[in-house]
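Contents: one structure, followed by commentary.
The values are calculated or read from the model by the stated rules, or taken from the named source; none is laboratory data. Owing to the predicted nature of the structure, the values given are computational and were not obtained by experimental measurement. Here the Cβ is made from the backbone with ideal geometry for all residues, glycine too, and neighbour counts use every protein chain on show.
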């Protein structure tokens with residue numbers, strides 16, 4: 001029996017898989033701010049899900065960049081109590097099995113590339129626009145290599161701007177313009193409460209500039225967009241994102257396709273299942 005998990009800044013999802021090819025029961029709970037409480041929560045849910053069977057291995061994503069050994073978080077605005085804690089070591093102890101972790105956006109991107117909107121393509125860029133902005137490049141159904149992970153929300157789109165990134169407080173980052181946290185800061189209301197069409201039009205335009213950079217840096221066949229700012233209601237309009245992207249990205253003979261993510265809340269679990277399969281082969 002395998003355990004799959006997706007630890008986000010607000011919620012975490014935990015699931016079981018018997019054969020590594022399908023997801024069985026799952027449970028969603030609030031993510032504890034305290035690391036040790038989080039470990040006990042994962043332990044209890046995991047053993048409830050397996051109903052007395054043995055855990056062979058576990059894998060999952062967590063919100064934030066990891067150390068090079070991929071054993072712990074090194075930074076996380078939403079989970080400061082989990083930073084530099086022995087995540088893999090403690091999970092291996094409480095689950096009595098091997099454990100593999102990755103950045104949560106990378107896991108969702110892997111799920112979308114194999115089981116979701118990117119399934120027909122070999123080179124997939126996944127971009128999530130939610131509280132923050134993240135992304136990953138998937139090549140031939142594997143998360144592309146990197147020195148320290150992918151943090152596309154922090155690429156600079158306006159070097160002269162004083163607009164502060166909500167998570168790192170640097171100026172001019174993409175995340176400072178299109179993320180849910182940024183819009184909440186500007187308008188002092190939750191993004192789903194913003195009904196002014198001009199706000200969503202401008203956000204689509206700025207996001208398209210960011211996607212131009214994703215396209216020219218990563219040269220994907222498809223860009224899959226996910227996250228609450230894309231699939232929520234209201235959301236950044238896909239048709240306007242595509243319009244401004246085509247108006248901006250002029251260097252290629254054929255631009256990458258842009259599609260909305262299709263796996264919903266379970267994308268990270270599907271990614272964890274594939275990541276586990278790849279590490280156990």
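Between 219, 167, 179, the distinction of being on the phi > 0 side of the Ramachandran plot and in contact (Cβ under 8 Å) with a residue 40 or more places away in the chain belongs to 219 only.
The residues of the range 221-270 that are in a strand (DSSP E or B) and over 19 Å from the mean Cα position of the chain (by Cα) amount to a single one, 257.
For residue 231, are the conditions met, namely being assigned by TED's automatic domain parsing to the domain that holds residue 180, within 17 Å of residue 138 (Cα to Cα) and either surrounded by fewer than 20 Cβ atoms within 10 Å (Cβ to Cβ) or modelled with pLDDT of 95 or more (or both)? No: the conditions fail for residue 231.
Contact map, the range 187-212: residues that are in the same structural domain as residue 241 (by TED's automatic domain parsing) and touching a residue at least 60 places away in the same chain (Cβ under 8 Å) paired with residues that are assigned to a helix (DSSP H, G or I) and surrounded by 20 or more Cβ atoms within 10 Å (Cβ to Cβ), Cβ distance under 6 Å, separation 6+ or inter-chain. Pairs shown: 207/178; 207/241; 211/245. Of all the criteria given as (1) modelled with pLDDT of 95 or more; (2) touching a helix residue (DSSP H, G or I) at 6+ places or on another chain (Cβ under 6 Å); (3) in the same structural domain as residue 145 (by TED's automatic domain parsing), the one not satisfied by residue 257 is (2).
Any residue in the range 154-166 that is crowded, with 24+ Cβ neighbours inside 10 Å, in contact with a strand residue (DSSP E or B) (Cβ under 7 Å, 6 or more places away or on another chain) and either not in a loop (DSSP other than H, G, I, E, B) or not assigned by TED's automatic domain parsing to the domain that holds residue 221 (or both)?
Residues of the range 154-166 that are crowded, with 24+ Cβ neighbours inside 10 Å, as a first pass: none.
Taking every residue of the range 154-166 in turn, none turns out to be crowded, with 24+ Cβ neighbours inside 10 Å, in contact with a strand residue (DSSP E or B) (Cβ under 7 Å, 6 or more places away or on another chain) and either not in a loop (DSSP other than H, G, I, E, B) or not assigned by TED's automatic domain parsing to the domain that holds residue 221 (or both).
Residues of the range 40-56 being surrounded by fewer than 20 Cβ atoms within 10 Å (Cβ to Cβ) and either assigned by TED's automatic domain parsing to the domain that holds residue 134 or outside any loop (DSSP other than H, G, I, E, B) (or both), which ones? Passing the criteria: 40, 41, 43, 44, 47, 48, 50.
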